[in-house]
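What follows is a set of notes on a single structure, which appears directly below.
The values are calculated or read from the model by the stated rules, or taken from the named source; none is laboratory data. Everything numeric here is computed off the predicted structure, so don't read it as measured data. No Cβ is skipped: glycine too gets one built from the backbone with ideal geometry, and neighbour counts run over all protein chains shown.
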Amino acid sequence: MPEVTSTRPETQQQAPAHGLRLTLNSDGQRHPALNAAAILTLLAGVAAFALGLVVAAHLAATIIGIAAFAIGMISQMLSANTEQRVLIVAGIIAGAVGAGLGIAHGGLG
């Protein structure tokens, strides 16, 4: 069984040349506006979720959550790669939950 134990180059896996690299531009092109929209959606969604847990901050949670949801939906249609989509969807979900909590605690009134 020499073919089973052979170490042909096509069967060996190469280790990455550098360490872990976080980027939103995995397709090799720059997308500064889309990257900013993805990060904004995530931050606004997390803020809406956190504010939604505070009963006294229901107005801010509702407004920020609706804004995060709207910005996220538009960004999702324009997104260029998977990394952006992951951040956008996380922000949309957090924003929707934050808006829902804000509405449950008093909404816009």
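Observations
- Index of the failed condition, Leu101 passing every other in (1) assigned to a helix (DSSP H, G or I); (2) at pLDDT below 95; (3) of a type outside the set (Ser, Thr, Tyr); (4) surrounded by 16 or more Cβ atoms within 10 Å (Cβ to Cβ): (2)
- Considering the stretch 44-54, and only residues there that are over 13 Å from the mean Cα position of the chain (by Cα) and assigned to a helix (DSSP H, G or I), the residue that is surrounded by the fewest Cβ atoms within 10 Å (Cβ to Cβ) turns out to be Ala50.
- Every pair of residues 6+ apart whose Cβ atoms lie under 8 Å, when the first sits in the stretch 62-87 and is of a type outside the set (Val, Ile, Thr) while the second is buried (at least 19 other Cβ atoms within 10 Å of the Cβ) and part of a loop (DSSP other than H, G, I, E, B): Asn81/Leu24; Glu83/Leu24; Gln84/Leu24; Arg85/Ser79; Leu87/Leu24
- Residue list for the stretch 55-82, restricted to those being polar (S, T, N, Q), surrounded by fewer than 19 Cβ atoms within 10 Å (Cβ to Cβ) and touching a helix residue (DSSP H, G or I) at 6+ places or on another chain (Cβ under 7 Å): Gln76
- Reported count of residues in the stretch 83-98, each being surrounded by fewer than 17 Cβ atoms within 10 Å (Cβ to Cβ) and hydrophobic (A, V, I, L, M, F, W, C), is 3.
- Within the stretch 78-97, the set of residues being under 14 Å from Ile39 (Cβ atoms), small (Gly, Ala, Ser) and assigned to a helix (DSSP H, G or I) comprises Ala90, Gly91, Ala94, Gly95.
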